[in-house]
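Any read-out appearing in this document is the output of simple, stated calculations on the displayed coordinates, not a laboratory observation. All values derive from a computational prediction rather than experimental measurement. All Cβ positions, glycine included, derive from the backbone under ideal geometry; neighbour counts span all protein chains shown.
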């Protein structure tokens, strides 16, 4: 078995996370040439993978395991990394965080021909998973270890279909054996009974039984010893249909990578508030980006709720009632469970802007129109909040208004359709160094650092003055903070020479250092790697994390500004059930040429339009349930391409639909021969040549014959 069940499903014959981690430590300690290249962690650039890497690095540090953390942007970069890793003679453990689940890793195209000492561990929340990696056997398959969340236990039908197609002979194969079988043992009194027993469908490997024909008495063979019967065409079609349904139903997400590492830490009995907080951030990121439904979020939230109660003292009664959490002493790093309002970073912004830039409030009030903005001010006025009060920083608001905020929202907000203004979440204290920070605010800050900490010009506001520009001190251009303030002991992932050298090293790992610099790709690679390490360091530094909040606010302003413009100008076209938006101009055009930012805009649009558009069913959809398919394209003037994002939103708030755009993009590309490139691990994000966009969108929306 090459997939690891979660600890609750483990047994003596089925090892789980803890036993596998012990094997990693044993391989590292007995390695004759132990170096930082013996254990390598490849990390996708998203918040969940980033937090999981931080957690895993902490566990390795406690066990004195030298390791390297290398960010990887997408499948093309992973291929270049694979070629480089093949030259590492001392590499024995490779860990993939939020990548590789869909790839046929045991094949020769990936890691099948690597040294037998190498073990590849896949911790990926994306689904579907490649069945060859989960259920494959043999020397190549056993070296691929999938850290599963229990979902593989529900794939028995898919496993049976995959094993039958992988190990059964073709319908027209083994003709010589067929002739031999027909000449021998013609009595065949019990011919029909043996055929059903020849294939051991319940065996652990699913292989055909090894039925040797040596030592046959009198040159005859009994029917029970014959080769298994060939699969009928009907069975083959049925199995193929089963696998096609599994792979072609779209992409979705399971347990977060952070959740998997937290389970490992629990088994190792090393859980603390730091690891718990990172696991909470990974879960919150999945929920706020619509990767998991509200039901799934509640399921995992209940687990972390119990963990918070186990590891932390109960909050003061007054704080629990008023949601006004404060650090109890200078070194207080407690985590508390608290309901979170769906207002964007309202504790660090002003109340009006926090509500205005909330996708939930935008959906219900329609803030892109003057009427919607009047409804927002009317709601605040009915609650007894004056406009000047709501436009000053939230920490400076009158305390009685802050304490009565939630009560008044519960009383008045339902009149405006705002019935789900809060959801269960968590808040963490940081002693006297900072005000408590909610999980949602921390995720927004880290996401902003990953997307736009560098590589794009973005102006942020300075607290105390609004819209004053740089000349009057009201705003400044965001700049990545320098690395002089890096804590001592946090250099294990930075080679000598600082962050710049780290960029060059990773760049060389992914290919040649000067790769594609003529067209700017090498330069792009450098800024996203800097963003990765900036966000990685911010996870352990509350000062940097708080500084990033202003960047997240500026980013959301740009998203709401662009989204409101799209809706107000009626730039949304309808093509055969799809909503299509193309962005070709505007002050923030360069900003939305980033995949993460464009995906955020797409999510904001579907949230804002959920109650205003009717659901449709696309031509290529395998589900009869209607959804809101949105295709968003943004021009990248520098590269002469369009970045395209596809979102399949649910009709009901809190639900999630499988995203079928990844396969639809590939199908449309093949049918129209468009020049495209997948630059990330998200298959629903595509880069396409500027001249091919029109025919690509027409082909995509047409759906084609399947």
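With each label modelled as a point 7 angstrom along the Cα→C-beta vector, the residue 462-residue 298 pair spans 4.7 nm. Note on residue 29 and residue 247: with the Förster distance fixed at 30 Å, the Cβ-Cβ geometry gives a FRET efficiency of about 0.15. Both the radius of gyration and Dmax for segment 553-595 are 11.4, 36 Å, in that order, over alpha-carbon atoms. Each eigenvalue of the Cα gyration tensor of segment 91-145, multiplied by 5 and square-rooted, gives one semi-axis; in descending order these are 17, 13, 9 Å. When the alpha carbon gyration tensor of segment 326-392 is reduced to an equivalent ellipsoid, the three semi-axes, largest first, read 29, 14, 9 Å. Spin-label model, residue 407/residue 392: points 7 Å from Cα along the beta carbon direction are separated by 2.2 nm.
Any idea what the relative contact order of segment 334-422 is, in percent, if you count C-alpha pairs under 8 Å spaced at least 6 apart? This gives 33 percent for segment 334-422.
For segment 333-374, the relative contact order works out to 25 percent when only alpha carbon pairs closer than 8 Å and six or more residues apart are counted.
Each listed q (0.15, 0.21 Å⁻¹) maps to a log10 I(q)/I(0) for segment 255-312 from the Debye sum over equal C-alpha point scatterers, namely -0.39, -0.75. When only Cα pairs below 8 angstrom with a gap of at least 6 residues are kept, segment 570-702 shows a relative contact order of 23 percent. Modelled label positions at residue 82 and residue 691, each set 7 Å beyond Cα in the direction of Cβ, lie 3.2 nm from each other. Based on the Cβ-Cβ distance of residue 422 and residue 9, what FRET efficiency does E = 1/(1 + (r/R0)^6) give at R0 = 30 Å, to the nearest 0.05? Once rounded, the FRET efficiency stands at 0.30.
Segment 628-706 and segment 77-142 have Cα centres spaced 27 Å apart.
Alpha-carbon geometry of segment 570-702: the Rg and the Dmax are 13.8, 41 Å, given in that order.
Using the average count of surrounding beta-carbon atoms within 10 Å as a protection proxy, the listed peptides 339-351, 277-289, 155-167 rank, highest first, as 277-289, 339-351, 155-167. For residue 415 and residue 541, the FRET efficiency from 1/(1 + (r/R0)^6), where r spans their Cβ atoms and R0 equals 45 Å, is about 0.55.
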